[in-house]
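To keep things clear, I will list the structure first and then write my remarks on it.
The values are calculated or read from the model by the stated rules, or taken from the named source; none is laboratory data. Predicted, not measured: the structure shown is a model, and the values here were computed from it. Glycine gets a Cβ as well: all are built from the backbone with ideal geometry, and neighbour counts include every protein chain shown.
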Amino acid sequence: MLRAAVKNEPNTFWVTKYLKSHTCSVSDRVRKHKRCTTKYIGKLFLDRTGLIEGIVPQHIRDSMRRMFGMKLDYTASYRALKHAQDLVWGTAEEGYANLPSYLQRIKEANPGSVTDLVCDSEDRFKYCFLSFTASIAGFQYLRRVIVVDGTHLTGKYGGVLLVAAGQDANFQIFPLAFAVVDAEDNESWEWFFNKLRDCF
């Protein structure tokens with residue numbers, strides 16, 4: 001027999017009574033732990049291991065089975081991993097909210113860097129541009145060709161990463177500017193090229 005109660009922290013249990021002989025049926029022991037949410041599992045995994053880099057859902061399934069005898073399906077372990085990653089790296093929403101202050105810090109740490117953040121009429125992200133001082137100063141020593149490319153971003157909000165790069169005298173790639181835009185269309189490319197023209 002096992003008796004537990006919720007104490008102080010939400011989703012945390014304290015064992016108040018424990019009798020070694022089991023009186024539970026097998027079906028009771030293997031059923032899902034309703035109070036043990038995926039957010040709690042993610043935090044517990046992070047607290048116990050301190051690891052998140054290179055972790056896949058199977059690692060969480062194996063760890064929970066080994067440490068607590070808990071059986072998780074793939075979806076629960078994936079959600080627990082996602083929550084642990086959000087705790088360490090932050091969420092996409094936090095990242096977008098911190099973008100203006102991040103760009104300001106870049107300008108303070110690298111005077112001469114060019115940054116721009118454009119939002120739509122509802123204050124939603126539209127475009128972001130960044131070119132560091134070193135890239136702007138180094139442009140005069142490059143071969144006179146600028147290569148631009150774009151790639152779609154995977155994630156909750158998507159978007160497109162636009163990059164401009166040059167080639168130095170050693171035939172090495174020299175990054176010039178970066179932009180994240182909401183969509184790869186004529187309007188966003190025109191905005192990116194205008195920002196490049198202003199810098200270079």
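Among the residues making up region 45-72, those that are assigned to a helix (DSSP H, G or I) and within 15 Å of L87 (Cα to Cα) are F45, L46, D47, R48, T49. Scanning region 137-159 for residues that are surrounded by 10 or more Cβ atoms within 10 Å (Cβ to Cβ) and of a type in the set (S, T, Y) gives Y141, T151, Y157. The condition of being surrounded by fewer than 15 Cβ atoms within 10 Å (Cβ to Cβ), part of a helix (DSSP H, G or I) and over 19 Å from the mean Cα position of the chain (by Cα) holds for only one of A169, A134, that being A134. The set of residues in region 166-188 that are over 22 Å from K126 (Cα atoms) and free of Cβ contacts under 8 Å to residues at least 24 places away in the same chain comprises N170, F171, Q172, I173.
The rows are residues; the columns are (1) in contact (Cβ under 8 Å) with a residue 40 or more places away in the chain; (2) of a type in the set (S, T, N, Q); (3) outside the structural domain of E184 (by TED's automatic domain parsing).
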position: T75; (1), (2), (3): no, yes, yes
position: S101; (1), (2), (3): no, yes, no
position: D120; (1), (2), (3): no, no, no
position: F132; (1), (2), (3): no, no, no
position: R143; (1), (2), (3): no, no, no
position: I146; (1), (2), (3): yes, no, no
position: D149; (1), (2), (3): no, no, no
position: T154; (1), (2), (3): no, yes, no
